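Engineer: Got a structure for you, questions after.
The values are calculated or read from the model by the stated rules, or taken from the named source; none is laboratory data. Keep in mind that what you see is a predicted model, and the values were worked out from it rather than measured. Ideal geometry is used to build each Cβ from the backbone, glycine not excepted, and the neighbour counts take in all protein chains shown. Remember, those area values only see protein heavy atoms, side chains included, never the ligands or the DNA or RNA. Shrake-Rupley method; radii C 1.70, N 1.55, O 1.52, S 1.80 Å.
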Amino acid sequence: MNHTLNRLELYFTPISVNKLHPNSYLNFDIYLKTKDKFVLYKNRNLKFLSDDIKKLVENTVEFVYIHQKDKKNFRNYLEDNIENILDARDDQG
């Protein structure tokens, strides 16, 4: 088992891709988990596009990760986008 990754996992929180709203601006960085590290996927303050979600889904990515220090920012993002996120989920189902 990779001890470095185990320690890193303490600093990152998994987020379901379904909780991200396309065409919204992020106030937190998004990371992808690789075999032995976390890699920055999208910088904060950039627009998260529907193409981003499409690419993640095509690559069977169910979860992205945020750093622990961004939990409050992510919570604020959810509060600001909850209606859009729920509407998008209703459209899928």
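Engineer: So which residues in segment 41-53 are touching a residue at least 24 places away in the same chain (Cβ under 8 Å), open to solvent by 50 Å² or more (accessible area, probe 1.4 Å) and touching a Phe, Trp or Tyr at 6+ places or on another chain (Cβ under 8 Å), if there are any at all?
Structural biologist: The answer is Arg44, Lys47.
Engineer: Looking at segment 33-40, can you tell me whether even one residue there is under 20 Å from Leu86 (Cβ atoms), exposed (fewer than 13 other Cβ atoms within 10 Å of the Cβ) and modelled with pLDDT under 95?
Structural biologist: no
Engineer: Hey, could you check segment 7-24 for residues that are part of a helix (DSSP H, G or I) and not basic (Lys, Arg) and say which is least open to solvent (accessible area, probe 1.4 Å)?
Structural biologist: So, considering only residues that are part of a helix (DSSP H, G or I) and not basic (Lys, Arg), the one least open to solvent (accessible area, probe 1.4 Å) is Val17.
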